[in-house]
Amino acid sequence: MLAIAALLLLAGDLQRPPALQLTVEPERPVRGSLVRLVASDTATSDRPWSWVEGTAGGEPLHFEAQGAGHFVALAGIPIDGPDSFPVTLRISYSDGSQDTVAASVFVRQPDYTMEKLRVAPAMAKPDSAAQVRIDKEIARAREIGARSQSTPRQWQDAFLPPRDSRITSIFGTGREFNGKAVSRHLGTDYAGAVGDPVRATNRGVVAMVADFYLAGRVLYLDHGEGLVSAYFHLSSTAVAQGDTVERGQIIGAVGKSGRVTGPHLHWVVRYGTVTVDPGSVLTLLGEQREK
């Protein structure tokens, strides 16, 4: 892991700045990915750390203690932004004092391709009434991510892909409809025929089942501590809002509902309100991580 530079003491005991090492995994994260932050006390003194909390990119961090003076949390880096990602930490000491520290994670800019699609004009640009509906549905989805920051962690085991089938479109690809760039693909698409099973990527609580204009039949799972997964364009769902589902459980079926050109599963993962590459989640928290 790579130590993060640009640490700045904002508040607290200015005569005794914290002996802080902040590292990130992977070492050179790309925008649009889930990362792991490790805050470590590098001093042996009479003022050991008792706890760490903070925010990254405006989203809360949920630190866990992993040994004396070591605290670990997940963070989501938005796909758009500069070459740095802000982190603010509040360090509590055993003597009751606190320090607030600002840091920057250095990030790489993604290099995504452009996908060119020919679609009906109504699909390329929804009318005003449809846009009002779309905006409301986006707000509902964001609220689920925001609420997840306050719910307890539901998962312990590694994350799984929702299908074993071929990936047909990766995260981050630019979408050009009828010669005009209008969107970015903020999910991973899996091949499938209508009715093929869709599985929960991990244990979680069903936060929403709904019919959306763009995404069709949708299902959102709240995995707790900010992590949310969503499954779009379903033909049917096998669970209801409020249900607790287990890792690998069948929760629905592939479909072609919403604004699509054919049947497939569109899989989304968010940390709070930040959409991240599902592939980065599988790399950081998936089964390959355990091997």
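Only one residue of 126, 205, 238 has its Cα farthest out toward the positive end of the dipole of the chain, where Lys and Arg carry +1 and Asp and Glu -1 on Cβ, and that residue is 126.
For the range 244-291, the Cβ-based charge dipole about the Cα centre amounts to some 160 debye (Lys, Arg positive; Asp, Glu negative; other atoms uncharged). In this structure the amide hydrogen of residue 105, modeled in the peptide plane, comes within under 5 Å of the amide hydrogens of 85, 87, none closer than 5 places in sequence on its chain. About the centre of its Cα atoms, the chain shows a dipole size close to 1040 debye [charges on the beta carbon of Lys, Arg (+1) and Asp, Glu (-1) only; nearest 20 debye]. Residue-wise HN-Hα couplings along the range 152-166, as the Karplus relation 6.51 cos²θ - 1.76 cosθ + 1.60 with θ = phi - 60° gives them from phi, are x, 5, 9, 10, 10, 7, 5, 6, 10, x, x, 9, 8, 7, 5 Hz; Gly and Pro carry x.
Put simply, the amide H of residue 208, placed in the peptide plane, has neighbours under 5 Å in 220, leaving out anything fewer than 5 places away on its chain. Per-residue 3J(HN,Hα) values for the range 48-65, derived from phi via the Karplus relation 6.51 cos²θ - 1.76 cosθ + 1.60 with θ = phi - 60°, read x, 6, 9, 6, 9, 9, x, 9, 9, x, x, 9, x, 10, 10, 6, 10, 6 Hz in sequence order (x marks Gly and Pro).
For the range 130-142, the Karplus equation 6.51 cos²θ - 1.76 cosθ + 1.60, evaluated at θ = phi - 60°, returns couplings of 5, 5, 4, 4, 4, 4, 5, 5, 4, 5, 4, 5, 4 Hz by residue, with Gly and Pro reported as x.
None of the figures in this text is laboratory data; all of them are computed from the coordinates on show. Quick caveat: nothing in here was measured; it's all calculated off a predicted structure. For neighbour counting, all protein chains shown are included, and Cβ atoms are generated from backbone atoms with ideal geometry for every residue, glycine included.
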